[in-house]
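Before any comments, here is the structure.
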Amino acid sequence: SEARRYKIAVIPGDGIGPETIGASLEILQALQETLGSFQIEYTHLDWSSDRYFAQGKYLPDDWMTVLKPHDAIFFGAVGHPKVPDHISLWELLLPIRQRFQQYANLRPTRIMRGVDSPLKNISPESLDWMLVRENTEGEYAGQGGRTHIGQPWEVGTELAIFTRQGIERIFRFAYQIAESRSKKHLTFVTKSNAQRSGMVLWDEVAWQIAAEFPHVKTEKMLVDAMTVRMVHKPESLDTIVATNLHADILSDLAAAIAGSIGIAPASSIDPTRQYPSTFESVHGSAPDIAGRGIANPIATMWAGVEMLRWLGEEVAADAWMKAIEDVCAEGVLTPDLGGKEDTRGVTDAIRAKVIKNA
Ligand code: NAI
Ligand code: MG
């Protein structure tokens, strides 16, 4: 039968981005050749800080037209020590998330066998979370400004935006995920004790949508107490929904608990599929280790697994994930996980398993 065909836009970006994306493309190539059931056509895009230095812009003016025809976007990382982080983020990643209405950012967290968690007495079975982050509004809506610039009385505002529609859509999507998981348990994170408008609306809408999903158990947690619970009772959590800012912070904590930010993936999803979704790591460009060949490629690879699932390529996704899990279990690890292997070594080990398993 004919191989299924996909178009994927690849944005390696900065620092270790090109290293972990390069490693992941090797695995995709191996999967494609071994399985023969799908074929990917790539568009390689040089949207990065180097482009910004040369041309003054991260994105070309027609970026939406360029990206729109793709089935997915595979993204490395953006960020350069010589560019303020709010510029690189707001000129590359955030416009894509917002204009493409990628309103759900999914961050699965698990402890892989063979990986040490900094928590005592924790087993891989006791932690399996799906963090769902609102990705288009909230505290990162981009509303605000600065007045009296340079004066002693200078003012800066950062307005958090919560819309009923925005809250409804993220909760409906999160409940569908919670319903598909065995525990059927959803915890939503809030700060409605201190923030009495936006966060109170968030809670009200959450309970309204909860009523549509009677088979899912719903709990509310204040964000500060949530950090404690994640550390002390990780087994008591399953699907977690939080605002843009809260989930940004909680997901780094989740990644650290799972052993390293070097394994944590993120998918920025437009559940309506009107626009392409982006598959990326939680981590950034890691300038401290860039160019040394020791970046952990697993975060980006796991994002690649999630990309294949989103495209419907479950067999390839399962083969890739199993290869990642097996290689971790065998202790083939980069230094961030306490291992001695480099990016090349881990990639070769995963590639060999993928070819054997697929
Ligand atoms: P980072 O995630 O790049 O690095 C934090 C620490 O984790 C560093 O010590 C780094 O070496 C280590 N690390 C990260 N990924 C790793 C991997 N795959 N393997 C091994 N070690 C890894 O965060 P940081 O240092 O705060 O930010 C660096 C730059 O990245 C900044 O410009 C920041 O704005 C940007 N950034 C970009 C993101 C994105 O593109 N999605 C997300 C977070 C930060
Ligand atoms: Mg973050």
Output yes when any residue across region 234-241 is among the hydroxyl-bearing types (Ser, Thr, Tyr), in a loop (DSSP other than H, G, I, E, B) and more than 16 Å from ligand 2 (Cβ to nearest atom), and no when none is.
no
Every residue in region 273-288 that is aromatic (Phe, Trp, Tyr) and either near ligand 1 (Cβ under 7 Å from one of its atoms) or out of contact with any Lys or Arg (no Cβ under 9 Å at 6 or more places or on another chain) (or both), please.
Phe279
Within region 289-313, how many residues are near ligand 1 (Cβ under 6 Å from one of its atoms) and either closer than 13 Å to Asp14 by Cβ or hydrophobic (A, V, I, L, M, F, W, C) (or both)?
3
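Go through region 224-247 and give me each residue that's surrounded by fewer than 19 Cβ atoms within 10 Å (Cβ to Cβ) and either within 21 Å of the chain's Cα centre (by Cα) or within 16 Å of ligand 1 (Cβ to nearest atom) (or both).
Result: Thr227, Val231, Leu245.
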Could you list, in sequence order, all residues of region 54-86 that are of a type in the set (A, V, I, L, M, F, W, C) and touching a residue at least 12 places away in the same chain (Cβ under 8 Å)?
Leu59, Trp63, Met64, Val66, Leu67, Ala72, Ile73, Phe74, Phe75, Ala77, Val78, Val83
Taking the conditions exactly as written (in a loop (DSSP other than H, G, I, E, B), surrounded by fewer than 24 Cβ atoms within 10 Å (Cβ to Cβ) and of a type outside the set (Ser, Thr, Tyr)), does Gln195 satisfy them or not?
yes
Which of the residues that make up region 315-345 are aliphatic (A, V, I, L, M) and either surrounded by 18 or more Cβ atoms within 10 Å (Cβ to Cβ) or under 20 Å from the mean Cα position of the chain (by Cα) (or both)?
Ala316, Ala317, Ala319, Met321, Ala323, Ile324, Val327, Val332, Leu333, Leu337
Read through the list (1) over 19 Å from Tyr175 (Cβ atoms); (2) more than 16 Å from ligand 2 (Cβ to nearest atom); (3) assigned by TED's automatic domain parsing to the domain that holds Glu137; (4) among the β-branched types (Val, Ile, Thr), then give the number of the only condition that Val205 fails.
(1)
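The values are calculated or read from the model by the stated rules, or taken from the named source; none is laboratory data. Treat the numbers as computed from the prediction; the structure is a model and nothing was measured. Cβ: placed from backbone, ideal geometry, glycine included. Neighbour counts: every protein chain shown.
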